[in-house]
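Enquirer: One structure, pasted below without further comment.
The values are calculated or read from the model by the stated rules, or taken from the named source; none is laboratory data. Given the structure is predicted, the values throughout are model-derived calculations rather than measurements. Virtual Cβ from ideal backbone geometry, glycine too; neighbours counted across all protein chains shown.
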Amino acid sequence: MPRKKDTNNLTEKEFLEQYTDAIYDKPSVTTDIMVLGVKEDFSGLKILLVKRDEHPFLDCYALPGGFVLKNETAYQAASRKLKDETGLEDIYLDQIYTFTKPDRDPRTWVMSIAYLALVSNASEIETKGEWFDLNIEPERIELYSSESNTRIEYSIKNESFKNGKISYENWVATPATKELLAFDHIEILIESFIKLRSVFEHWDLAFNMAGDTFTLPDLQALYELVLGKKLYKTNFRAMVTPKIEATGSKIKSRTSNKMSAEYKYSL
């Protein structure tokens, strides 16, 4: 088969031998991870933050993450950083969005590929960071750590954006406290949570946060925390019944302190 040549009469081999990318500026690439869990009594959500010990944003809190190395994918980098920060492996890890705002990092041109990690029993995970309570309301986002007595708060408003013929709403954050998240990590938090909320009822993501076994009241409380709304008990049980099976035992519900049937994920 004859070798194909381009308009400059070069084969692919000849093209690659003389190719140079020196004319292009090159961004650095990082990965940032929103690690989301739930309180032991299923009364609220938890998010993992680390306090930066170097410039820029010295002493500010940030999502775990770091630079992607030359010999790894973004997913491998996120997995590596997650293991380094928490010791966790083989957990749910999903790519959310690529953040490319030119001035998002004061050091240089840095793009970030953001991931969402879902964990159970957050308070039992030993980590180099701090677990913050994550409270999301219609007009504000609050993060609070009892460990360092740190509170970070943003006011939230809905703004409409157009993409082709489609208009959609997204949250825009405005600082409400002196303490803020580093870089554009509040935007990563928002994008991650909005995506999670949009698919939570349709995918089986809750079972990454509920633990190996659970009661139905606890599982419903978890769904309601993420979705930000109350669910009808009958409709909720009809939705999850095909996905779970009873173990034949009873355990104490974390939300009610009453003995309830124990279930596990079955798919």
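Enquirer: Within the set of pairs 6+ apart or on separate chains, which have a first residue in the stretch 73-102 that is at negative phi, a second that is basic (Lys, Arg) and part of a helix (DSSP H, G or I), and C-beta atoms under 6 Å apart?
Expert: Between residues of the stretch 73-102 that are at negative phi and residues that are basic (Lys, Arg) and part of a helix (DSSP H, G or I), the close pairs are 89/83; 96/195.
Enquirer: Right, something else. Please enumerate the residues belonging to the stretch 14-34 that are charged (D, E, K, R) and surrounded by fewer than 10 Cβ atoms within 10 Å (Cβ to Cβ). First the steps, then the outcome.
Expert: As a first pass, look at the stretch 14-34 and keep what is charged (D, E, K, R): 14, 17, 21, 25-26, 32.
Once the filter is applied, which keeps residues that are charged (D, E, K, R) and surrounded by fewer than 10 Cβ atoms within 10 Å (Cβ to Cβ), the stretch 14-34 yields 17, 21, 25, 26.
Enquirer: Now, a different point. Test residue 260 against the criterion of being surrounded by 17 or more Cβ atoms within 10 Å (Cβ to Cβ) and either farther than 18 Å from residue 199 by Cα or of a type in the set (D, E, K, R) (or both), and give yes or no. Talk me through it step by step, then tell me what you get.
Expert: Values: surrounded by 17 or more Cβ atoms within 10 Å (Cβ to Cβ): yes; either farther than 18 Å from residue 199 by Cα or of a type in the set (D, E, K, R) (or both): yes.
Taking the combined requirement at face value, the residue satisfies it.
Enquirer: Continuing with the same structure: So, in the stretch 208-267, exactly how many residues are among the acidic types (Asp, Glu) and either touching a helix residue (DSSP H, G or I) at 6+ places or on another chain (Cβ under 6 Å) or within 21 Å of residue 46 (Cβ to Cβ) (or both)? Show your work before the answer.
Expert: Narrowing the stretch 208-267 to residues among the acidic types (Asp, Glu): 212, 218, 224, 245, 262.
When the remaining residues are screened for being either touching a helix residue (DSSP H, G or I) at 6+ places or on another chain (Cβ under 6 Å) or within 21 Å of residue 46 (Cβ to Cβ) (or both), the result is 212, 218, 224.
Of the residues in the stretch 208-267, 3 are among the acidic types (Asp, Glu) and either touching a helix residue (DSSP H, G or I) at 6+ places or on another chain (Cβ under 6 Å) or within 21 Å of residue 46 (Cβ to Cβ) (or both).
Enquirer: Name, by its number, the condition in (1) loosely packed, with under 15 Cβ neighbours inside 10 Å; (2) assigned by TED's automatic domain parsing to the domain that holds residue 136 that does not hold for residue 180.
Expert: Going through the list (1) loosely packed, with under 15 Cβ neighbours inside 10 Å; (2) assigned by TED's automatic domain parsing to the domain that holds residue 136, residue 180 breaks only (1).
Enquirer: In addition: In the stretch 129-182, which residues are in contact (Cβ under 8 Å) with a residue 40 or more places away in the chain and aliphatic (A, V, I, L, M)?
Expert: Matches in the stretch 129-182: 134, 136, 141, 143, 152, 180, 181, 182.
Enquirer: Sticking with this structure for a sec: Only one residue in 191, 159, 153, 142 is assigned by TED's automatic domain parsing to the domain that holds residue 101, surrounded by fewer than 16 Cβ atoms within 10 Å (Cβ to Cβ) and of a type outside the set (Ser, Thr, Tyr). Which one?
Expert: Working: 191 fails: surrounded by fewer than 16 Cβ atoms within 10 Å (Cβ to Cβ); 153 fails: surrounded by fewer than 16 Cβ atoms within 10 Å (Cβ to Cβ); 142 fails: surrounded by fewer than 16 Cβ atoms within 10 Å (Cβ to Cβ).
None of the other options fit; the residue is 159.
Enquirer: Is it the case that some residue within the stretch 219-231 is within 30 Å of residue 61 (Cβ to Cβ), of a type in the set (Asp, Glu) and assigned by TED's automatic domain parsing to the domain that holds residue 112?
Expert: The answer is no; no qualifying residue exists.
Enquirer: On to the next question. Residues that are of a type outside the set (A, V, I, L, M) and within 18 Å of residue 33 (Cβ to Cβ): list the strands (runs of 3 or more DSSP E) wholly contained in the stretch 89-206 that include at least 3 such residues. Lay out the reasoning, then the answer.
Expert: Details: elements: 92-99, 110-118, 130-137, 140-145, 150-163, 166-175.
Of the strands (runs of 3 or more DSSP E) lying wholly inside the stretch 89-206, those with at least 3 residues that are of a type outside the set (A, V, I, L, M) and within 18 Å of residue 33 (Cβ to Cβ) span 92-99, 130-137.
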